Amino acid sequence: MSSPNLSAPLDRGAPPPAAETGPATGALRRRLPGSVAWHVGSLLVLGVILYPVVWVVGASFKKSEDIVGSLDLFPGDPITTNYTRLGEGIADIAISTFFANSLILAVGSVVGILVSCSLTAYAFAKIRFAGRNLLFTLMIGTLLLPYHVLLIPQYVLFRNMEMINTYTPLLLGKYLATEAFFVFLMVQFMRNLPRELDEAARLDGCGHLRIYWSIVLPLCRPALITSAIFTFINSWNDFMGPLIYLNEPDKYTVSLGLKMFVDQDAVANYGGMIAMSLVALLPVLAFFLAFQRYLIDGMATSGLKG
């Protein structure tokens, strides 16, 4: 048997094999322009959304007189005095006072919402009583009422009760389950829990409070944390409520403290106001990042049917 001739010259004149083409390659080429246009458009939208954030960051390193009317995102000669002067306070009031007041209101609101709304949601979801559907419908209907419609009656009520310039008007509603959105969110979550758990607990002699505390609440952790995140952010950023009910500067929240940088009788300290606004974002951002995965789980599973 003869061996192949390895020394034979290669046929260098033979054309290279043609590139394989098929339906998949053709479809990819057809989709390529649309994909590129989609990504370019997404980047443009992202740039428009992030532009205010970049502008605020750059403005915090500018002098106050260079902020208004300036088109530059970042200053050529950045300064840090806007941040260092925050330690001096505003009108003889330490910046930490505003943050402490906002933290008191935010934490108090979160506790009130979790306790009152979860109890109310358990009653609507797990207890059968006369008029349950009617009351639930009326509660959902309150979402259609604008906040400003109830503003004047509530202010008159709290003024007659001598609660103005206190935190009670800002916290009392949170402990009375007046936030229908969070009640609805928890009701939808609790309705998806298997009823076999409730029946097994009743066979063991558990009442409604024990079932609520030992079974329902642990299983509703995503919905509870979702409500806590939204409540914390809304309370921390609230401006209208503290503006109406608080009169003394030492009780102001961060949102009202920012207003004090703009003095009608003197030059407005825009640099300090922008620097403090960025610092005020840190607690909210940290709170959100710490519990964001629970937020996604709660929003994803609140409307599912078991």
Highest GNM mean-square fluctuation among 152, 225, 233, for the chain with Cα springs under 10 Å, belongs to 152
Does anyone have the angle between helix 151-160 and the longest principal axis of the chain? Alpha-carbon axes, 0 to 90°, nearest 10? 40
How large is the translational diffusion coefficient of segment 96-193 in µm² per second when you combine the Kirkwood radius over alpha carbon pairs with Stokes-Einstein at 20 °C and 1.002 mPa s? 142
Considering only protein heavy atoms and a probe of 1.4 Å, how much of the accessible area of segment 78-126 is carbon and sulfur, as a whole percent? 66
Note to self, the chain gives a 222 nm [θ] from helices alone (DSSP H runs n ≥ 4, -39500 (n - 2.57) apiece, / all residues, nearest 500) of -19500 deg cm²/dmol
Rolling a 1.4 Å sphere over the protein heavy atoms, what is the accessible area per residue of the chain, to the nearest Å²? 64
Relative to the longest principal axis of the C-alpha atoms of the chain, give the angle of the C-alpha long axis of helix 132-141, reported between 0 and 90° and rounded to the nearest 10°. 80
Along the dipole axis of segment 164-296 (charges at Cβ: +1 for Lys and Arg, -1 for Asp and Glu; origin at the Cα centre), the most positive-end residue among 243, 218, 294 is 218
At a Cα cut-off below 20 Å, give the lysines reachable from residue 251, other chains included and same-chain residues fewer than 8 away excluded. 174, 259
Relative to the first principal axis of the alpha-carbon coordinates of the chain, what is the inclination of helix 23-59, with its axis defined by its Cα atoms, in degrees from 0 to 90 and to the nearest 10? 40
Percent of C-alpha pairs per 5 Å bin, segment 24-76, short to long: 4, 18, 16, 12, 10, 9, 8, 7, 6, 5, 3, 1
Label selected from [x] 52, 39, 17; [y] 43, 23, 15; [z] 26, 21, 21, the criterion being semi-axes √(5λ) of the Cα gyration tensor in Å as computed here: [x]
Distance between segment 26-59 and segment 106-178 - C-alpha centres, whole angstrom: 42
Could you sort 242-250, 192-200 so that the peptide with the highest average Cβ count within 10 Å comes first and the rest follow in order? 242-250, 192-200
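The values are calculated or read from the model by the stated rules, or taken from the named source; none is laboratory data. Here the structure is a predicted model, which means the values were calculated and not measured. Here the Cβ is made from the backbone with ideal geometry for all residues, glycine too, and neighbour counts use every protein chain on show. Side chains are part of the model used for accessible areas, which takes the heavy atoms of the whole protein and leaves out ligands, DNA and RNA. Shrake-Rupley method; radii C 1.70, N 1.55, O 1.52, S 1.80 Å.
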